[in-house]
Each structure stands twice: as structure tokens, then as C-alpha cells.
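The values are calculated or read from the model by the stated rules, or taken from the named source; none is laboratory data. Please read all numbers here as calculations on a predicted model, not as lab measurements. A quick note on method: Cβ atoms are made from the backbone with ideal geometry, for glycine too, and the neighbour counts reach across all protein chains shown.
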Amino acid sequence: MQKIDLILQRGQARTDTGLSFFETEVENLKAEILKLLRESKEYISGQRLCEEFEVSRTAVWKVINQLKEEGYHVEAVKNRGYRIVEIPDVISKEELESLLAGKTKWAGREIYYFPETDSTNIRAKQLAESGASHGTLVVADQQSAGRGRRGRGWVSPSGCSIYMSVLLKPSFLPSKAPMMTLVMAYSVTEALRAYTGLDVQIKWPNDVVLHGKKLVGILTEMSTEVDYINHVVIGVGINVNMDSFSGEIARTATSLRIESGKDMKRSNLIAEIMKRFEQDYEMYERTENLSGIRDAYNRLMVNCGREVRILGVQKPFQALALGINDSGELLVRKEDGSEEAVYAGEVSVRGVYGYV
């Protein structure tokens, strides 16, 4: 208790290697107090907080002030205690921990947050090399080097979107890893539909779209040996509260705010995605194929049952998209009536008359 109080009073210098042990303890205290305040509909007394977390009233007061500085509307009433009146759209380690505590077994149990970084995928890969655990979540408010599929740039301004990466350490063979991208696309789509009520869909293999425009990009990278996966990193970029796009991107991109007219709380969305992904990943891990989500994925696939253009092959062709198989390949019926399985790593699919 005294050590935490001392840090809260004097501050603790950060090092190049990250947080000190005591800083971590302070962050844990903040996350626990935030979780308790969030879940309670009544006032929580300062005395109860002191006793529950074995800290002084000064430590509690310091944490409450930090929360207020971050934008939380915390009401303090004499002889009654504290109550959260309003929660802002804030992303922080403590906010995410308070939302995920007790809700997942391994997904997001270890969280790294950066106000700004080059890329959450880059950070997650570095953490993997230093021994970070399966399910580690890396989140940033802004990226300077965000990337999408096929090396395309991903616009990453601050304060309005989600940039997150999940570190995984699977036990299955490397040949099974590409399907995890489709699992994440499915999880993100289901989470966004549940949270927003919007008709979010999947454009095979892993773009998430809304009203015919791209809403989410997913990038999977892995480190492997011949028959062993060192780690997999799945990066997710979501256009949340952006109100406009410039140039050519405006033709194909949208955001949750543009489509709904409402601002969304990004940390809540991240928590919903992590809860969904843990369930879907465990199902995939048991089967090592997409049989568990295939039918549901196909129902959400915007180009299922539509004419599409298959690009990237020696001779592009037009076909009817039938849905995915258990391996995540797109089944198509060609104009001559023959059917073919198309592998996502080899081609791109476009609608005959536009992006979808």
C-alpha cells in the first residue's frame, strides 16, 4: 500500500523497456477501481475502495483524479462516495482491462496500449519475440505506418478509429494459419452487428463492409518453421468515428459514424471483438477448419450468390460466388457451369459493377 501511495504522489519514471513493477501495480489498481465503478449502479464509498484494494484514501483520491483528467465524469458526493456518470470514448490499458476482466480466459488478458506507434502489428511481432503470451492485445490511438493487404497503406489518424493486433501462438501446422484471417473477419462482423445493430457484412476473404463500402481491414502475418508456427499476428483496423474520407478512398470506404450518425465507444467495440474472437478461435482450434462457422460466414458474405470478377489469375474471369468451403476457399460457378475453389492468397475478388 505504501509503495503504491508513494508512486501516486511522486510519479515513477518510465524506462525504455516499459513500465516498472510499481507502475504496473498502479495501473492494475486504476483498472480495478474503474471496473468496480463501471459495474456499480450505486455510489461506492472511499472507505470501501480503501478496504477492498488495501490502499489509502490518498491513493483512491489520486486514481479518481486521474480518471477525471482522462475524461471520465466521476461524481463525488460527501458521505456517499463515487459514481461514474458518463464514460467517454477513451482507449487506455485500464479501460480495456476493466471491460475484459472476467469476460475472457486468454484473449486480451495481457494488453499493451500506445498513444502513437508505427504499427500495432510491428509491436505485436516484437512482443512475440520477447516472450509475450498467447492472446496478447496491442492497441494504438494512432499509427504512422499502418498497412493493409498486399502492402497497401491504411490511413491511421488519432482519436477516431481502432488499430489493434492480437498475438497468437497456435499448436496446429502452418498450413492451417491462413484460415485464422477469416475467423477474425467473422468475429469482427458479428461483434459490430451486435454492438451497433448495423447490417455489417463480409467481403470475401476478410474485408468487412457496410452498405457496399469498406469498414474494416484485416492483415495477418506469421513467423514459422517448416512444420511449426512461432507466432501469428492478426491486425485489425476499423473506421469508427471518422466523419469523412478524402480523395479516391472516399469512393470505397466508410465508417460507423457515417453510416449510423452516432459516435461509438471504441474500447467497448474492442472488448466485444475480443470476446467473440476467443469463442470462434477455440472452435477453429478444435476442428482446424472453418466447418463451425462456414454457414454463418456465408450468410454474412456480401458477395455470396452474386456475380464476381476473379482477378490476379493469368486470365481474369467472371463467375457466380457460391460461398466458402471448410478451408476458406471461395467456391465459384463459372459461365460454362463448372465449379472451382479459389484461394484468397492468389486472387482478388471484385463485384462486376463495383467494389462488392
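Could you check the range 243-356 for strands (runs of 3 or more DSSP E) lying wholly inside it with 2 or more residues that are farther than 30 Å from residue 161 by Cα?
307-311, 317-324, 330-334, 339-342
Conditions (1) among the hydrophobic types (A, V, I, L, M, F, W, C); (2) farther than 16 Å from residue 181 by Cβ; (3) not assigned by TED's automatic domain parsing to the domain that holds residue 159, marked per residue:
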site: 260; (1), (2), (3): no, yes, no
site: 267; (1), (2), (3): no, yes, no
site: 270; (1), (2), (3): yes, yes, no
site: 273; (1), (2), (3): yes, no, no
site: 278; (1), (2), (3): no, yes, no
site: 283; (1), (2), (3): yes, no, no
site: 289; (1), (2), (3): no, no, no
site: 295; (1), (2), (3): no, yes, no
site: 311; (1), (2), (3): yes, yes, yes
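Residue by residue through the range 54-87, note down the ones that are in contact with a Gly (Cβ under 9 Å, 6 or more places away or on another chain) and surrounded by 13 or more Cβ atoms within 10 Å (Cβ to Cβ).
Once the filter is applied, which keeps residues that are in contact with a Gly (Cβ under 9 Å, 6 or more places away or on another chain) and surrounded by 13 or more Cβ atoms within 10 Å (Cβ to Cβ), the range 54-87 yields 60, 61, 64, 76, 81, 82, 87.
Can you report the number of residues in the range 106-135 which are more than 23 Å from residue 282 (Cβ to Cβ), of a type in the set (Phe, Trp, Tyr) and over 13 Å from the mean Cα position of the chain (by Cα)?
Going through the range 106-135 one residue at a time, the tally reaches 1.
Could you look through the range 219-242, keep only residues that are aliphatic (A, V, I, L, M) and in a loop (DSSP other than H, G, I, E, B), and pick out the one that is surrounded by the fewest Cβ atoms within 10 Å (Cβ to Cβ)?
226
Any idea which residue in the range 273-313 is farthest from residue 238 (Cα to Cα), counting only those that are among the acidic types (Asp, Glu) and touching a Ser or Thr at 6+ places or on another chain (Cβ under 9 Å)?
Among those that are among the acidic types (Asp, Glu) and touching a Ser or Thr at 6+ places or on another chain (Cβ under 9 Å), it is 285.
Select from the range 139-175 the residues that are more than 22 Å from residue 114 (Cα to Cα) and modelled with pLDDT under 85 and write down the one among them that is surrounded by the most Cβ atoms within 10 Å (Cβ to Cβ).
149
Could you tell me which residue of the range 259-298 is surrounded by the fewest Cβ atoms within 10 Å (Cβ to Cβ), considering only residues that are small (Gly, Ala, Ser) and over 14 Å from the mean Cα position of the chain (by Cα)?
261
Within the range 55-66, can one find any residue that is part of a helix (DSSP H, G or I) and of a type in the set (Gly, Ala, Ser)?
So far as the range 55-66 goes, yes, one or more of its residues are part of a helix (DSSP H, G or I) and of a type in the set (Gly, Ala, Ser).
Mind checking which pairs have a first residue in the range 176-195 that is at pLDDT 95 or above and a second that is assigned to a helix (DSSP H, G or I) and among the polar types (S, T, N, Q), Cβ under 7 Å, 6 or more apart or different chains?
Correct list of pairs: 195/268.
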